[in-house]
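Asks: Mind having a look at this structure? Questions to follow.
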Amino acid sequence: LEALSLYNKVGKAKNNITLSFTSKGFDIFAFSDTSLLMANHFDYQSDADFLYFFLFVFEQLKFTVDDTEVHIIGLIKEDSSLILQLRQFVKKVSFKQVSKSISFSYQFKQLPQYEFFSLFNLPVCVS
């Protein structure tokens with residue numbers, strides 16, 4: 001959460017949502033400017049379940065597609081049907097990358113950075 005908060009300070013959009021996918025659900029972190037508005041976890045069985053929870057939060061926070069960026073981290077593939085459907089509702093969807101100020105062995109560069117965002121950004125929280 002600390003790393004997400006730091007990254008949102010440099011974001012271009014007024015509102016940011018970070019979705020952190022696990023094997024059975026997702027965590028959602030919603031920020032306005034640099035303030036955390038909500039953090040929650042939802043389990044889902046289908047893409048439709050996910051979209052329902054996501055759009056419900058989006059609506060409750062009164063976010064708009066023009067001033068909101070959605071950042072993806074965790075266990076999901078960039079070309080998954082869930083992400084393709086999400087892109088139909090939200091214009092600005094991106095996969096989080098590790099801070100350029102952190103360097104790792106070349107072997108880690110072969111891994112999708114967004115899948116291990118929390119692990120790779122532990123030094124950000126410590127410094």
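The values are calculated or read from the model by the stated rules, or taken from the named source; none is laboratory data. All values derive from a computational prediction rather than experimental measurement. Here the Cβ positions follow ideal geometry from the backbone for every residue, glycine too, while neighbour counts run over all protein chains shown. Ligands, DNA and RNA are stripped out before the accessible areas are found, and what is left, the full protein with its side chains, is counted by its heavy atoms. Shrake-Rupley method; radii C 1.70, N 1.55, O 1.52, S 1.80 Å.
Asks: Of LEU75, LEU61, LEU36, which residue is surrounded by 12 or more Cβ atoms within 10 Å (Cβ to Cβ) and more than 18 Å from VAL93 (Cβ to Cβ)? Walk me through it before giving the result.
Replies: Details: LEU75 fails: more than 18 Å from VAL93 (Cβ to Cβ); LEU61 fails: more than 18 Å from VAL93 (Cβ to Cβ).
Going through LEU75, LEU61, LEU36 in turn, just one is surrounded by 12 or more Cβ atoms within 10 Å (Cβ to Cβ) and more than 18 Å from VAL93 (Cβ to Cβ): LEU36.
Asks: With respect to the numbered conditions (1) out of contact with any Leu (no Cβ under 8 Å at 6 or more places or on another chain); (2) at pLDDT below 65; (3) over 19 Å from THR22 (Cβ atoms); (4) surrounded by 11 or more Cβ atoms within 10 Å (Cβ to Cβ), which one is the sole condition not fulfilled by GLN107?
Replies: (4)
Asks: Residue check: is GLN45 in a loop (DSSP other than H, G, I, E, B), open to solvent by 30 Å² or more (accessible area, probe 1.4 Å) and modelled with pLDDT of 85 or more? Talk me through it step by step, then tell me what you get.
Replies: Numbers: in a loop (DSSP other than H, G, I, E, B): yes; open to solvent by 30 Å² or more (accessible area, probe 1.4 Å): yes; modelled with pLDDT of 85 or more: yes.
In short, yes.
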